[in-house]
Structure formats: structure tokens, C-alpha cells
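S.K.: My questions will all concern the structure given below.
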Amino acid sequence: MGVDVHRRRGESFDGLLRRFGRKVQMSGRLLQAKKIRFHRRRTSKAVDRAAAVTRAYRRSYLGYLEKIGKLEEELEKMKAKRRRR
């Protein structure tokens, strides 16, 4: 259900464009599109918790690797793994 605007006889392109813009504004479509532009669906609490556990594990693992001096090697492996996807 879009906005239909047909060119009238003798109407300039600028006039047509102006009329189209006015119709789009009056229909409320532009306002609705702006409202939902950055909308993200709410995730469940279980998914949020699982993500938090994964982040905590990864953070502690990377901290451990940094302590033993093998962080750079592991980061290179992770980058290579991402490139293969």
C-alpha cells in the first residue's frame, strides 16, 4: 500500500516531486519508518544470560592467555577462523 502520484498534464517534475513528498508526509509512512528504524526485538532472559556467561568465560580465558603470554597466538587463530566463514 504505497503512495501513488501520477504526473498531471503540463506538470513539471519539480511539482510532481513536491506533491509526492507532501503525500508521503500526510500518509504518516515516513514517520513510521523513522520510528522503527533502529528498533531491535527484545531477547529472552535466557538468551541474555547465556550471552553474559559466554562473555564472562571469554574475558577470563583471554585474561589467562595474557598472563601466560599466549594471547597474540590465540587472537591470530581467532582471526583466521573468522576469515574461513
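S.K.: Can you report the number of residues in the range 18-45 which are of a type in the set (A, V, I, L, M) and loosely packed, with under 12 Cβ neighbours inside 10 Å?
M.R.: So the answer is 4.
S.K.: I've got another one for you. Among helices (runs of 4 or more DSSP H) lying entirely in the range 1-82, which contain 3 or more residues that are β-branched (Val, Ile, Thr) and out of contact with any Gly (no Cβ under 7 Å at 6 or more places or on another chain)?
M.R.: The qualifying helices (runs of 4 or more DSSP H) are 45-68.
S.K.: In this structure, is GLU66 in contact with a Phe, Trp or Tyr (Cβ under 9 Å, 6 or more places away or on another chain) and either of a type in the set (Asp, Glu) or within 23 Å of VAL3 (Cβ to Cβ) (or both)?
M.R.: Considered against the rule, which asks whether it is in contact with a Phe, Trp or Tyr (Cβ under 9 Å, 6 or more places away or on another chain) and either of a type in the set (Asp, Glu) or within 23 Å of VAL3 (Cβ to Cβ) (or both), GLU66 comes out as no.
S.K.: Still on this model: GLU74 fails exactly one of the following numbered conditions: (1) surrounded by 11 or more Cβ atoms within 10 Å (Cβ to Cβ); (2) over 30 Å from the mean Cα position of the chain (by Cα). What is the number of that condition?
M.R.: Just one mismatch for GLU74, condition (2).
S.K.: Looking at the range 28-60, which of its residues are more than 23 Å from GLY2 (Cβ to Cβ) and of a type in the set (S, T, N, Q)?
M.R.: Hits for the range 28-60 are THR43, SER44, THR54, SER60.
Every number here is computed from the coordinates shown, using simple stated rules; none is lab data. All of these numbers come straight from a predicted model, not from anything done at the bench. A quick note on method: Cβ atoms are made from the backbone with ideal geometry, for glycine too, and the neighbour counts reach across all protein chains shown.
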